[in-house]
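**Student:** Sharing a structure below in structure tokens format, with a few things to ask.
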Amino acid sequence: MSAQTYVSELFSLDGRAAVVTGGSSGIGRAIAGALARAGARVVVVARRETELKDTVEELTADGCRAAWVSADLGTGEGVRGAAEGAVAAFGEPDILVNCAGINLRPPMSDLGEDVWDTTMAVNLKAPFLLGQRFGPGMAERGYGRIIHVSSQQAHRAFVSSGAYGVSKGGLESLARSQAEAWSPYGVTVNTLVPGFVLTPLNARLQSDPEKVAALAARTMVGRNGLAEDFAGAAVFLAGRSSAYVTGQSVFVDGGFSVH
Ligand SMILES: NC(=O)c1ccc[n+]([C@@H]2O[C@H](COP(=O)([O-])OP(=O)(O)OC[C@H]3O[C@@H](n4cnc5c(N)ncnc54)[C@H](OP(=O)(O)O)[C@@H]3O)[C@@H](O)[C@H]2O)c1
């Protein structure tokens with residue numbers, strides 16, 4: 001067997017359909033690109049159409065199959081529209097990546113019900129609802145991969161973690177509940193845990209070079225994360241070779257969490 005055939009047997013996503021929320025920017029865009037280049041048909045979901053179109057054009061130009069759905073995952077109606085739009089594009093998905101997320105950072109004393117509710121809706125309830133929509137079907141068909149994207153703030157307080165850290169802690173617990181329910185039927189559920197990654201999400205924090213350097217020094221690798229750092233882990237968790245990995249939080253953080 002050639003090395004290429006062996007690697008392909010382990011990691012190829014040929015024939016799989018994937019939905020990646022937040023797939024138009026940052027980490028989600030890198031994950032969508034990785035899954036598509038590994039062979040999956042990928043639907044990216046977010047609100048802004050220009051970024052969505054741009055992502056799909058880039059992937060299509062690379063010979064991949066990709067489609068987009070614009071939806072606000074902060075509402076139940078938006079989540080349902082996203083799910084149905086994704087299915088209309090490429091059929092019921094084998095892979096669901098919940099990467100859409102927001103990080104509003106009011107100081108704890110000023111954190112109101114509005115920020116709490118919006119944060120929970122996008123970061124936690126949408127992944128739950130998409131899981132309810134797609135998980136049982138994956139279990140019935142005997143194959144599924146759900147990948148959530150959490151945060152180091154599920155594990156420690158960090159720059160006004162407020163509602164955000166709570167939502168991400170809930171997301172990792174959701175992954176374990178879903179893993180318990182569906183792993184016996186071939187559906188694994190895991191969470192990727194980023195440290196500090198240079199994306200538009202934390203543009204404001206990145207404007208302070210001293211802070212950026214200090215964060216890089218807190219890792220073991222010696223630099224902050226890049227969206228591309230998530231490609232390999234996502235392909236692994238989406239493919240058949242991760243069949244015995246479930247309910248886990250996989251830190252992709254350059255050693256930040258253990259330093
Ligand atoms: N960057 C970091 O350091 C870091 C660290 C830990 C965890 N994370 C997590 O990693 C994930 C990706 O973050 P990122 O850094 O790549 O951020 P990003 O570049 O800002 O991307 C966020 C994505 O989510 C989408 N999104 C946000 N709100 C949405 C909504 N209501 N409905 C639909 N889509 C929505 C955005 O598109 P639209 O705005 O067009 O909707 C965008 O595609 C997030 O869950 C984040 O919490 C990031």
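The values are calculated or read from the model by the stated rules, or taken from the named source; none is laboratory data. These numbers were taken from a predicted model, which means no experiment stands behind them. Cβ sites come from the backbone with ideal geometry, for glycine too, and all protein chains shown count toward neighbours.
**Student:** Would you confirm whether or not region 49-61 contains a residue that is in a strand (DSSP E or B) and near the ligand (Cβ under 8 Å from one of its atoms)? So that I can check it myself, show each step before the final result.
**Tutor:** Our first condition is that a residue be in a strand (DSSP E or B); within region 49-61, this holds for none.
There is no residue in region 49-61 that is in a strand (DSSP E or B) and near the ligand (Cβ under 8 Å from one of its atoms).
**Student:** In region 111-129, how many residues are within 13 Å of THR75 (Cβ to Cβ) and either under 16 Å from the mean Cα position of the chain (by Cα) or touching a residue at least 40 places away in the same chain (Cβ under 8 Å) (or both)?
**Tutor:** Adding up the residues that qualify gives 7.
**Student:** Name the single residue that is surrounded by the most Cβ atoms within 10 Å (Cβ to Cβ) among those in region 1-43 being part of a helix (DSSP H, G or I), of a type in the set (A, V, I, L, M, F, W, C) and away from the ligand (no atom under 12 Å from the Cβ). Talk me through it step by step, then tell me what you get.
**Tutor:** The first filter runs over region 1-43 and keeps only residues part of a helix (DSSP H, G or I), leaving 3-11, 26-37.
Retained after the next criterion (residues that are of a type in the set (A, V, I, L, M, F, W, C)): 3, 7, 10-11, 27, 30-32, 34-36.
Add one more test, that the residue is away from the ligand (no atom under 12 Å from the Cβ), and what stays is 3, 7, 10-11, 34-36.
Numbers: ALA3: 7, VAL7: 11, LEU10: 13, PHE11: 17, ALA34: 23, LEU35: 31, ALA36: 26.
Step by step, filter region 1-43, then rank; the result is LEU35.
**Student:** Quick one: would you say VAL221 is part of a strand (DSSP E or B), away from the ligand (no atom under 11 Å from the Cβ) and among the aliphatic types (A, V, I, L, M)? Give the derivation first.
**Tutor:** Details: part of a strand (DSSP E or B): no; away from the ligand (no atom under 11 Å from the Cβ): yes; among the aliphatic types (A, V, I, L, M): yes.
So VAL221 fails the test.
**Student:** Give the residues of region 62-76 that are within 14 Å of the ligand (Cβ to nearest atom) and not hydrophobic (A, V, I, L, M, F, W, C), sorted by residue number.
**Tutor:** SER70, ASP72, GLY74, THR75, GLY76
**Student:** Something else: Of the conditions (1) basic (Lys, Arg); (2) more than 9 Å from the ligand (Cβ to nearest atom); (3) in contact with a strand residue (DSSP E or B) (Cβ under 9 Å, 6 or more places away or on another chain), ARG80 fails just one. Which one is it?
**Tutor:** Tallying (1) basic (Lys, Arg); (2) more than 9 Å from the ligand (Cβ to nearest atom); (3) in contact with a strand residue (DSSP E or B) (Cβ under 9 Å, 6 or more places away or on another chain), ARG80 fails exactly one: (3).
**Student:** If you don't mind, there's one more thing I want to ask. Determine if region 199-212 includes at least one residue that is assigned to a loop (DSSP other than H, G, I, E, B), farther than 20 Å from PHE251 by Cα and at pLDDT below 95. Steps first, answer last, please.
**Tutor:** Residues of region 199-212 assigned to a loop (DSSP other than H, G, I, E, B): 199, 207-208.
Remaining after also requiring farther than 20 Å from PHE251 by Cα: 207-208.
Still in the list and also at pLDDT below 95: 207-208.
Yes; the residues of region 199-212 include at least one that is assigned to a loop (DSSP other than H, G, I, E, B), farther than 20 Å from PHE251 by Cα and at pLDDT below 95.
**Student:** Please enumerate the residues belonging to region 185-214 that are under 27 Å from LEU174 (Cβ atoms) and either over 21 Å from the mean Cα position of the chain (by Cα) or small (Gly, Ala, Ser) (or both).
**Tutor:** TYR185, GLY186, GLY195, LEU205
**Student:** Restricting to region 135-154, name every residue that is within 16 Å of the ligand (Cβ to nearest atom) and either closer than 9 Å to VAL193 by Cβ or out of contact with any strand residue (DSSP E or B) (no Cβ under 9 Å at 6 or more places or on another chain) (or both).
**Tutor:** VAL149, SER150, SER151, GLN152, GLN153, ALA154
**Student:** Is it the case that region 180-190 has a residue that's within 12 Å of the ligand (Cβ to nearest atom), of a type in the set (A, V, I, L, M, F, W, C), touching a strand residue (DSSP E or B) at 6+ places or on another chain (Cβ under 9 Å) and closer than 22 Å to GLN248 by Cβ?
**Tutor:** Looking for residues that are within 12 Å of the ligand (Cβ to nearest atom), of a type in the set (A, V, I, L, M, F, W, C), touching a strand residue (DSSP E or B) at 6+ places or on another chain (Cβ under 9 Å) and closer than 22 Å to GLN248 by Cβ, one finds none in region 180-190, hence no.
**Student:** Within region 2-43, which residues are free of Cβ contacts under 8 Å to residues at least 60 places away in the same chain and at positive phi?
**Tutor:** Correct list: GLY15, GLY39.
**Student:** Please go through region 68-88 and pick out each residue that is of a type in the set (A, V, I, L, M) and either touching a His at 6+ places or on another chain (Cβ under 8 Å) or crowded, with 18+ Cβ neighbours inside 10 Å (or both).
**Tutor:** VAL69, ALA71, LEU73, VAL79, ALA82, ALA83, ALA86, VAL87
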